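Beneath this line is the structure, given in C-alpha cells, with notes to follow.
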Amino acid sequence: MRIVLRNVRWICTPGGLLENGHLSVIDKRIELMQAQPIAGPADETIDLDGCLLIPGLISLHHHFFQHLTRAWPGTHCAASEDWLVALYPVWARMAPPDFAAAARNAAAELLLSGTTTAVDHAFLLGHRGDERLAAEVEAVSELGLRLHLVRSGLPGLGARVEARLPPSVVNSLLDEPGAWLAQCHADLRRWHDPAPGSLLRLDLGPSNIAYDKPALMRALADLAAERGCGLHAHYHPRPAERDLCRTLNRVEPIDYLDKAGWLQPRTWLAHCTELDDGEIGRLAARGVGIAHCPRTVLRLGYRLPRLQAWRRSKVRTGIGADGAASNDGGAFLSDVRLALLLHRAGSSDASGWLSPQDALAMATAEAAAVLGRPELGAIAPGMCADLAAFDLRSLDVAGALADPLAGFLLAGSHTRAKLTMVDGRVRVRDGKLVGHDENAIAAETNVRSQALSRF
C-alpha cells in the first residue's frame, strides 16, 4: 500500500526543517521525502497543510497497569515510600482483564499524543504473569502501538516497604526467582520478535536492582544476551540503597551492576536521580542509557536529576512517561515539553540547557538508539514509517511560529495529534483513534478502576 502525505507545512528531518514538503510511504517504510509533489499512483493521499510532521515519539519508561490507579486517594501528597505502601495492596488485586483495560487506555493516550513506540516496565507480571502478559499484548496490538515490554517482576519490595504491608500482600506480590526466570524463558519463546521493524519485543529486568540476589541479576543478563533483549530497571541509588549494597556485596552499586553483566549497551535505567560523577562516567563509557521521567520527579519529590551532567558526559538519554500513578497523565508529549524545561530550575548557566531540537531528539532518535532500533526515530527514506503530525494553526501556538518546533514545544498546550502512523498504518486520523471508540475505552477503564477501589 502506498500512502502520500502532501502539503506538509513543516517536516522535521535529520538535517533540519523541510518546508512545504511531501512524503510517501510504501510497505511500512518511508519511500520519498521531497519539496516537489510526489508523482505516481497512491492508495491514499492525506493533506497536512498547516501541520508539523515529526518522527513518532518514543517513551522509554512506563507502567501501563497503573492507568487504573491514577490520582489514587491517599497518594496525592505521598512521597515514594508512602505512595508504594498505599498502592501495592491495590495492584495486588489486579486480574488479567484489569491489565487489558489499563494497557488499552495507555496505548490509546500514547497514540493520540503522537507516540508510536513505548516501553512498558511490567513489574507485576512476575512468575504468574502469562495470562496478564497475553491480555496486555492483545490489547496493545489491537490499537497498533509498537511495544517494548519489559518482562519484569518483584524479587523484593524493599525492607521498609515490606515491613509496612500485610504479609498476605507481600506474599502475593513477591516472585520466586527460579519460577520467574522459567516464565521469562517461556514468554521470550512465545512473544519476542527481534527482527527489524518488530512491533513487539520483550526485554528483561526486575523492578529495582536486586542487591541480595546476584545470581538472579547475572541470569537475567545472560538470558538477555542469549536472546538479544535489553535490560531495564529502576535505579537511583539512594543512600540506604548504597549502604545495603556495601553490606551485602562489599562493593558500590555501580560495581555490583558491572559484576552482574549489566553495564553494557543493551541496558537502560530509569530515573538515575542520585548519580555521582564517577557513576555518570561509567554509564557513559559502557553505553548504558537513561530514561529521564520528569513528571515523576515532581510528583514523588525525587532529587532533580543531573541531566546536564549526563549529556556533557555523553550518556545516552531519552525520556519516559513513567507509570500513570506517578505521572498521572497519559499524553507523552506533555512529558517531552516538561523535560525541555525542568532541568533549568536552579541553574543560571544556560549553556547546558536543552534546546527544542535536543528535547525532540531525546524523544525520538536518541531513544531509538537506547533501544537498539536504528530503523526508528527519524524521518528519512528507508526508515520505518512511524510519524506524528500536529496542526499548528491553533490558538495556543499563534505568534510562536517563527520557529515552529520551538513554538510547538514551548508555547503549545494541545497534545492531540492530527495524524499518528505506526509501521505505515494510520492509527490516529484527525485527532481520533482509527477503528476504536475512546469513550468506550475510558468507560472500561473507569469500571475496572472503581471495582478496585471498592475493596
Number of positions in the stretch 19-38 that are hydrophobic (A, V, I, L, M, F, W, C) and either closer than 15 Å to residue 389 by Cβ or without any contact (Cβ under 8 Å) to a residue 24 or more places away in the chain (or both): 5
Scope the stretch 423-441; condition farther than 25 Å from residue 68 by Cβ and among the acidic types (Asp, Glu); matching residues: 423, 430
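Residue-wise test of (1) under 22 Å from the mean Cα position of the chain (by Cα); (2) surrounded by fewer than 17 Cβ atoms within 10 Å (Cβ to Cβ); (3) within 19 Å of residue 310 (Cα to Cα); (4) not acidic (Asp, Glu).
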residue	(1), (2), (3), (4)
209	yes, no, no, yes
215	no, yes, no, yes
218	no, yes, no, yes
230	yes, no, no, yes
237	yes, no, yes, yes
240	no, yes, no, yes
250	no, yes, no, yes
264	yes, yes, yes, yes
275	yes, no, yes, yes
Unique match (being modelled with pLDDT of 95 or more, out of contact with any Asp or Glu (no Cβ under 6 Å at 6 or more places or on another chain), farther than 26 Å from residue 230 by Cα and surrounded by fewer than 21 Cβ atoms within 10 Å (Cβ to Cβ)) among 391, 358: 391
Options 152, 168, 207; residue that is hydroxyl-bearing (Ser, Thr, Tyr) and over 25 Å from residue 253 (Cβ atoms): 168
Every residue from the stretch 246-296 that is touching a strand residue (DSSP E or B) at 6+ places or on another chain (Cβ under 8 Å) and over 27 Å from residue 58 (Cα atoms): 253
Matching entry among 265, 237 (being part of a loop (DSSP other than H, G, I, E, B), farther than 19 Å from residue 162 by Cβ, in the same structural domain as residue 153 (by TED's automatic domain parsing) and not small (Gly, Ala, Ser)): 265
Strands (runs of 3 or more DSSP E) (entirely within the stretch 27-136) containing at least 3 residues that are of a type in the set (Val, Ile, Thr): 115-122
Those residues of the stretch 120-132 which are more than 17 Å from residue 232 (Cα to Cα) and under 20 Å from the mean Cα position of the chain (by Cα), in sequence order: 132
Residue among 295, 242, 316 that alone is charged (D, E, K, R) and without any contact (Cβ under 8 Å) to a residue 12 or more places away in the chain: 242
Among the candidates 82, 175, 130, residue that is outside the structural domain of residue 408 (by TED's automatic domain parsing), charged (D, E, K, R) and buried (at least 21 other Cβ atoms within 10 Å of the Cβ): 175
Scope the stretch 377-394; condition under 16 Å from residue 420 (Cα atoms) and in a loop (DSSP other than H, G, I, E, B); matching residues: 377, 378, 379, 383, 385, 386, 392
Helices (runs of 4 or more DSSP H) contained entirely in the stretch 154-221, each with at least 1 residues that are polar (S, T, N, Q): 167-173, 177-191
Selected residue [in contact (Cβ under 8 Å) with a residue 40 or more places away in the chain, surrounded by 18 or more Cβ atoms within 10 Å (Cβ to Cβ) and in contact with a Phe, Trp or Tyr (Cβ under 8 Å, 6 or more places away or on another chain)] from 331, 321: 321
Residue 384, sole failed condition from (1) surrounded by fewer than 21 Cβ atoms within 10 Å (Cβ to Cβ); (2) touching a residue at least 24 places away in the same chain (Cβ under 8 Å); (3) over 13 Å from residue 51 (Cα atoms); (4) not aliphatic (A, V, I, L, M): (1)
Failed item in (1) surrounded by fewer than 18 Cβ atoms within 10 Å (Cβ to Cβ); (2) outside the structural domain of residue 102 (by TED's automatic domain parsing); (3) in contact with a Pro (Cβ under 7 Å, 6 or more places away or on another chain), with residue 287 passing the rest: (2)
Tally of residues being at positive phi and in a strand (DSSP E or B) across the stretch 222-231: 0
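The values are calculated or read from the model by the stated rules, or taken from the named source; none is laboratory data. Given the structure is predicted, the values throughout are model-derived calculations rather than measurements. So basically every Cβ, Gly included, is an ideal-geometry build from the backbone, and we count neighbours across all protein chains shown.
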